[in-house]
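To keep things clear, I will list the structure first and then write my remarks on it.
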Amino acid sequence: MRKIWMIILRAVSFLLVALSAYLMLTSNVQMRINNTHAMTKHIVREVVQDSNNTELGLATNFLEVSGLEDELLKSFPKKYHLDLSYADLYKLSTKYDETGELTAKDFNLTSNNRLGQIVNQYIVKEINRQLKEESKEVYHVITIYRYSIFIVILIYVLVGILMIFGKYWASIPLLIATICSFGVLWYFTGEATHALQEQVYHGIFVHMSQGIWLGLIIGILVAVVWPILLKSLSKNMDTSEGIES
């Protein structure tokens, strides 16, 4: 009976590790804008100012005074969010490494009208400008990031194998993979929020979804509980075998 419990422990632990890995690698980092109308007005004025085009400035003032600007803004959702997973970030880093810039399409930013296209182009332009200003650091981070995702996956695979064979120290690589994955996403959200608020609009926030936090919790809990339960079941099995002999 205890051997059956040992098999169950290994199987459940393996499945939980797989779930933790899945959540950490596929759950989204979310960019949220709580007031797209205010952001759009801000961006339009920044575009006009950067262009130094008098006619464009007059046209913008006319839209504002006439109330047509508010009518155009009604086509925008009041709130907006963009989801990017660990895997999506890997694709973005690969694209930037190959071409040296990102496009609105890479971020899945689409719009049905000209105003929306202007906003999307401005956001992407500012992102590219920030990336180019810090190009040396960016390429260094991209290199680390592109290798890290494969290392994390390999560590998760190693953890699964170690648990199948009932190794106590499987908890160590599990903690490393879980905490490193979380740390990379935590760093990205902090840097992205700072850059977007500074360069685009102060009302943009980037944060981790509940799936990432759940993956972190599951990974840590399994890492803590695994050696305890494994040791307990192993002792009981040894005691039983001793009594039978």
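The values are calculated or read from the model by the stated rules, or taken from the named source; none is laboratory data. Please read all numbers here as calculations on a predicted model, not as lab measurements. Here Cβ is always computed from backbone atoms with ideal geometry, including for glycine, and neighbour counts include all displayed protein chains. Note: areas computed on protein heavy atoms with side chains; ligands, DNA, RNA excluded. Shrake-Rupley method; radii C 1.70, N 1.55, O 1.52, S 1.80 Å.
Observations on the model:
- Among the residues making up region 144-180, a single one is polar (S, T, N, Q) and either within 23 Å of Ile7 (Cα to Cα) or without any contact (Cβ under 8 Å) to a residue 24 or more places away in the chain (or both): Ser171.
- Filtered by the rule that a residue be open to solvent by 80 Å² or more (accessible area, probe 1.4 Å) and of a type outside the set (Phe, Trp, Tyr), region 124-145 gives Lys125, Arg129, Lys132, Glu133, Lys136, Glu137, His140, Ile144.
- Residue check for Lys91: charged (D, E, K, R), at pLDDT 65 or above and closer than 21 Å to Trp186 by Cβ: yes
- Given (1) open to solvent by less than 80 Å² (accessible area, probe 1.4 Å); (2) in contact (Cβ under 8 Å) with a residue 12 or more places away in the chain, number of the condition Gly183 does not satisfy: (2)
- Phe165 touching a helix residue (DSSP H, G or I) at 6+ places or on another chain (Cβ under 7 Å) and open to solvent by 20 Å² or more (accessible area, probe 1.4 Å): no
- Enumeration of residues in region 160-194 that are out of contact with any strand residue (DSSP E or B) (no Cβ under 9 Å at 6 or more places or on another chain), small (Gly, Ala, Ser), at pLDDT below 90 and part of a helix (DSSP H, G or I): Ser181, Gly183
- Flag if Ile212 is within 30 Å of Arg2 (Cα to Cα) and at pLDDT 90 or above: no
- Some residue of region 197-218 being of a type in the set (Phe, Trp, Tyr), under 23 Å from Val12 (Cα atoms) and open to solvent by less than 80 Å² (accessible area, probe 1.4 Å): no
- Only one of Leu82, Leu109, Leu72 that is surrounded by fewer than 18 Cβ atoms within 10 Å (Cβ to Cβ), assigned to a strand (DSSP E or B) and either at negative phi or modelled with pLDDT of 70 or more (or both): Leu82
- Hits in region 149-162 - residues which are open to solvent by 90 Å² or more (accessible area, probe 1.4 Å) and of a type outside the set (Phe, Trp, Tyr): Ile151, Leu154
- The single condition among (1) among the aromatic types (Phe, Trp, Tyr); (2) outside any helix (DSSP H, G or I); (3) under 30 Å from Ile164 (Cβ atoms) that Trp213 does not satisfy is (2).
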